[in-house]
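Visitor: Structure in structure tokens, see below.
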Amino acid sequence: MADANEKFLGELLKKSGNNECADCGAKNPEWASYNIGIFLCTRCAGVHRSMGAHISKVKHLKLDRWEDSQVTRVREVGNNAARLYYEERVPPCYRRPNQDAPQVLVEQWIRAKYEREEFCHPERQNQYVSGFMEGFLMKRGKEDARYHPRKFVLSEADDTLKYHVKENKDPKAILRISELNVAFAPPKTGNQNSLQISFMKDGSTRHIYVYHEDPEVITTWYLAIRCAKLHRLQVAYPGASEKELLSQLTRDFAREGFLWKTGPRHSDAYKKRWFTLDNRKLMYHDDPMDAHPKGEIFIGHSSEGFSIKTGVPPGAKDQGFSFTLETPDRSFLLSAQSEDDRAQWINVIQKVIQKPLTPQDATVAARLVRKRTASGTMNIFSSTSNFIGLSSRLQFTRNKMGHESMVK
């Protein structure tokens, strides 16, 4: 009978929906929760097991012995039916994790579905969809790199995220929700429950790092920021589709890692820098957790004179696995750690160059400046003529979207 049950489970896996993990979508799941009736990947099965058998009872499809009643339960439910029930009312702003998502996000998604049943009982979602949230997070110091408790206040109505050094004093900083990005940052901080919040300040990007001991709390902050951004975008762009707006909420960085770059002159020595590609901003830092990048490159469209290619210009120094990023103002000579690393950087930057520009891109380009000389003079990374053309075209797009929404 055991062999028959194993064979039957194998047949169930071939059914639509069952051939991928019910929680993260990973292909070819090897586990199942037999009381819930779903198929799971190894990582998600571990989270289910950590919730306790009173929530989810997990078995391996081949290595464990299955009772007839357990097989029957999985057959009667299956992944598709379970999703219809447990994910009935997932808010649009909620980030559904895939197999590459951070561990803390996967864990809280699973606990929200089965332990807290937030999507069967939407009144349990109030904290992150309400538009307001306050509480203490541990924030990394700008200079000393130590973490200190800081009070944070999120207000969708005011479009602000504030943090206070002292609870009853004026805020140390006031960030605009609509302009910031938030991403999970475990690889940098070494803490699974950490976030990196990035925003523009005085023409440059500023990064702050925060964490909380409770993974549910830090995930709730992440979701609250996403929800507040979505609600404000819905007001600002009433003619835009929900799919378009969701893509603007939060971004994981397309790629990060160490590269070597020269100075403005091709004869300058290559120096090691930590690069971060954030949408159309390519930032470089001395250290992965620097509060400010040393420089930022706005990557526009190919029609504006942006391109990337293997190698360096004739006469320039080639250091190992070099490549060149061309902008209207300057050629950036870069070198990767290996041939594969170079290929991946070129591929991801090329996708950015080929991607159509958005109205939000014009805002970033307009505010992004950097020091070009020791005297502190400032310039936009893209050339003035190209930037004016970019702004005009994107302003026309914004006006057209507004006009279409009024016509509708």
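Visitor: For the range 82-137, enumerate the residues that are polar (S, T, N, Q) and either under 19 Å from PHE39 (Cα atoms) or touching a strand residue (DSSP E or B) at 6+ places or on another chain (Cβ under 6 Å) (or both).
Guide: Of everything in the range 82-137, those that are polar (S, T, N, Q) and either under 19 Å from PHE39 (Cα atoms) or touching a strand residue (DSSP E or B) at 6+ places or on another chain (Cβ under 6 Å) (or both) turn out to be ASN98, GLN99, GLN103, GLN108.
Visitor: Does VAL217 meet the test of being farther than 25 Å from LYS281 by Cα and without any contact (Cβ under 8 Å) to a residue 12 or more places away in the chain?
Guide: no
Visitor: Is the range 138-149 home to any residue that is hydrophobic (A, V, I, L, M, F, W, C) and in the same structural domain as THR189 (by TED's automatic domain parsing)? Before the answer, list the steps.
Guide: In the first step, residues of the range 138-149 are kept if they are hydrophobic (A, V, I, L, M, F, W, C); the result is 138, 145.
Now restrict to residues that are in the same structural domain as THR189 (by TED's automatic domain parsing): 138, 145.
Yes, the range 138-149 contains a residue that is hydrophobic (A, V, I, L, M, F, W, C) and in the same structural domain as THR189 (by TED's automatic domain parsing).
Visitor: May I ask you to say which residue of SER69, SER16 is surrounded by fewer than 19 Cβ atoms within 10 Å (Cβ to Cβ), closer than 30 Å to LEU245 by Cβ and not hydrophobic (A, V, I, L, M, F, W, C)?
Guide: Being surrounded by fewer than 19 Cβ atoms within 10 Å (Cβ to Cβ), closer than 30 Å to LEU245 by Cβ and not hydrophobic (A, V, I, L, M, F, W, C) holds for just one of SER69, SER16, which is SER16.
Visitor: Here's a check for you: in the range 191-208, which residue that is free of Cβ contacts under 8 Å to residues at least 60 places away in the same chain and of a type in the set (S, T, N, Q) is farthest from THR250 (Cα to Cα)?
Guide: Restricting attention to the range 191-208, the residues satisfying the condition of being free of Cβ contacts under 8 Å to residues at least 60 places away in the same chain are 191, 194-197, 199, 201-202.
This time we only want the ones that are of a type in the set (S, T, N, Q), so: 191, 194, 196.
Working: ASN191: 20, SER194: 15, GLN196: 11 Å.
That would be ASN191.
Visitor: Just for strands (runs of 3 or more DSSP E) wholly inside the range 211-291: which have at least 3 residues that are at pLDDT below 95 and touching a His at 6+ places or on another chain (Cβ under 7 Å)?
Guide: Fully inside the range 211-291 and qualifying: nothing.
Visitor: Here's something else I'd like to know. Run down ASP64, ASP100 and say which single residue is modelled with pLDDT under 95, within 26 Å of the chain's Cα centre (by Cα), in the same structural domain as LYS14 (by TED's automatic domain parsing) and surrounded by fewer than 18 Cβ atoms within 10 Å (Cβ to Cβ). Reasoning before the result, please.
Guide: Numbers: ASP64 fails: within 26 Å of the chain's Cα centre (by Cα).
Result of the check over ASP64, ASP100: ASP100.
Visitor: Within the set of pairs 6+ apart or on separate chains, which have a first residue in the range 171-190 that is under 20 Å from GLN234 (Cβ atoms), a second that is outside any helix (DSSP H, G or I) and of a type in the set (Asp, Glu), and C-beta atoms under 7 Å apart?
Guide: Sorted first by the residue in the range 171-190, then by its partner, the pairs are ARG176/ASP159; ILE177/GLU156; ILE177/ASP159; SER178/ASP159; ASN181/ASP278.
Visitor: A further question follows. Residues that are of a type in the set (Gly, Ala, Ser) and in contact (Cβ under 8 Å) with a residue 12 or more places away in the chain: find the helices (runs of 4 or more DSSP H) completely inside the range 53-145 holding 1 or more of those.
Guide: So the answer is 78-86.
Okay, residues lined up against (1) basic (Lys, Arg); (2) modelled with pLDDT under 95; (3) part of a loop (DSSP other than H, G, I, E, B):
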{"position": "ARG342", "(1), (2), (3)": "yes, no, no"}
{"position": "ALA365", "(1), (2), (3)": "no, yes, no"}
{"position": "GLY376", "(1), (2), (3)": "no, yes, yes"}
{"position": "ASN386", "(1), (2), (3)": "no, yes, no"}
{"position": "GLU404", "(1), (2), (3)": "no, yes, no"}
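Visitor: Look at the range 293-340 and say how many of its residues are among the aliphatic types (A, V, I, L, M), closer than 17 Å to LEU368 by Cα and not in a strand (DSSP E or B).
Guide: 1
Visitor: Buried (at least 16 other Cβ atoms within 10 Å of the Cβ) and under 23 Å from VAL104 (Cα atoms), is that true of ARG140?
Guide: yes
The values are calculated or read from the model by the stated rules, or taken from the named source; none is laboratory data. These figures come from a predicted structure and were not determined experimentally. Because the Cβ atoms are built from the backbone with ideal geometry, glycine has one as well, and the counts that use them run over all protein chains shown.
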